[in-house]
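Please read the structure below before turning to the comments.
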Amino acid sequence: MKWSSQLINCIARNRCVLFLGAGLSMNSKDDNGIHPKDWKGFLLSGLEKIENNKSIIRKEIDKGDYLLACELLKKSLGDNDFIELLKDEFERPHFHEAEIHKDIFKLNQRIVITPNFDKIYDSYATHESQGTVHVKKYDEEVDIADGLRRHDMLVIKMHGTIDAPKKVIFTQKDYAIARTNNAKFYKIVEALLMTHTFIFIGAGINDPDVRLLLENYSTMFHTAMPHYFITTKDNIKNKEEIYSEIFNLKFLTYDSKDYHKELSDSIHELVNLVEVEKAKIAASQNW
């Protein structure tokens, strides 16, 4: 990937929000060398644990309607077994941070938002910062707002965390409830979209929250500076131009083979480019 000078400068001035999607976690491994599953892989694992509605759920998975498939899977499993499935997939494997997590941390941006349930980046950032990075969930709106005003280092769990599996946002119903019950949180994110440049890394353009927030921003501020969306080439194949117009985005694409290795290599390069830019800014005192 080729990084724009404008984006490099923005990161160097700490004016970005890093939005970390599931593609980032795909670089991790557990002790057996197994990578985390993507959303489709998670649903297929759940499918093996049920007897009823298998064909219906499989049909929705094949159509790519993962939200509905997840809703049906949760109902078929029941709340307790669904939580067990979440823990089996996102907590118990003990996934380790990858080099890309270390490089993301080195970018030293004050605000990180992630819809990921796993704690791979959270745990690494908390450890490396000696506890000065604060991890907050979407339902801790007051703490998030206070942290932003105090210039704290924040990792904001947009869809919850595996630590509180009953509160994760993973189904169509979950999204609808969260937008109503946690409207203040979405106002905070909307404010950040107006004041910072978002860099979506390894995220899916079809995430309902992402789409809604970007649609609202683009409608109100269509000619404003775009946000950046880093995603796989297959994810927006033949759609880049229309998505750029609808969401006011600039896309940077990479090949997802070898568990998103190109993304990892490109982020590592970005760290070095940002350090050079910081040195230039410091020398000129033009902060």
Gain on full stretching of the segment that runs from Ile177 to Asn108 - 0.36 nm per residue minus C-alpha separation: 21.5 nm
Solvent-accessible area per residue for region 64-209 (1.4 angstrom probe, square angstrom): 44 Å²
Protein accessible area in region 219-276, 1.4 Å probe - carbon and sulfur %: 50 percent
Local electrostatic count, Ser28, Cβ distance below 9 Å [Lys/Arg +1, Asp/Glu -1]: -2
Of all accessible heavy-atom area on region 44-100, the percent that carbon and sulfur account for (1.4 Å): 44 percent
Neighbour net charge for Arg179 - beta-carbon separation under 14 angstrom, K R +1, D E -1: -3
Alpha-carbon centroid distance for the pair region 229-278 / region 131-164, whole angstrom: 26 Å
Solvent-accessible surface ranking, highest first, for Asp122, Asp143 at 1.4 angstrom: Asp143, Asp122
Relative contact order computed over the chain (Cα-Cα under 8 Å; 6+ residues apart), in percent: 25 percent
CD proxy at 222 nm, helix term only [per DSSP H run n ≥ 4: -39500 (n - 2.57); per residue of the chain; nearest 500]: -16000 deg cm²/dmol
Estimated inter-spin distance, Lys257 and Arg15, nm [label 7 Å along Cα→Cβ]: 3.8 nm
List Met26, Met153, ordered by accessible area with a 1.4 Å probe, largest first: Met153, Met26
Inter-probe distance in nm under a simple model that places probes 7 Å from Cα toward Cβ, at Val271 and Lys59: 4.8 nm
Net charge of neighbours whose Cβ lies under 12 Å from the Cβ of Gly204, counting Lys and Arg as +1 and Asp and Glu as -1: -2
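The values are calculated or read from the model by the stated rules, or taken from the named source; none is laboratory data. Keep in mind the model is a prediction, meaning the values are calculated, not measured. A quick note on method: Cβ atoms are made from the backbone with ideal geometry, for glycine too, and the neighbour counts reach across all protein chains shown. Please note that ligands, DNA and RNA were not included when accessible areas were found on the heavy atoms of the full protein model with its side chains. Shrake-Rupley method; radii C 1.70, N 1.55, O 1.52, S 1.80 Å.
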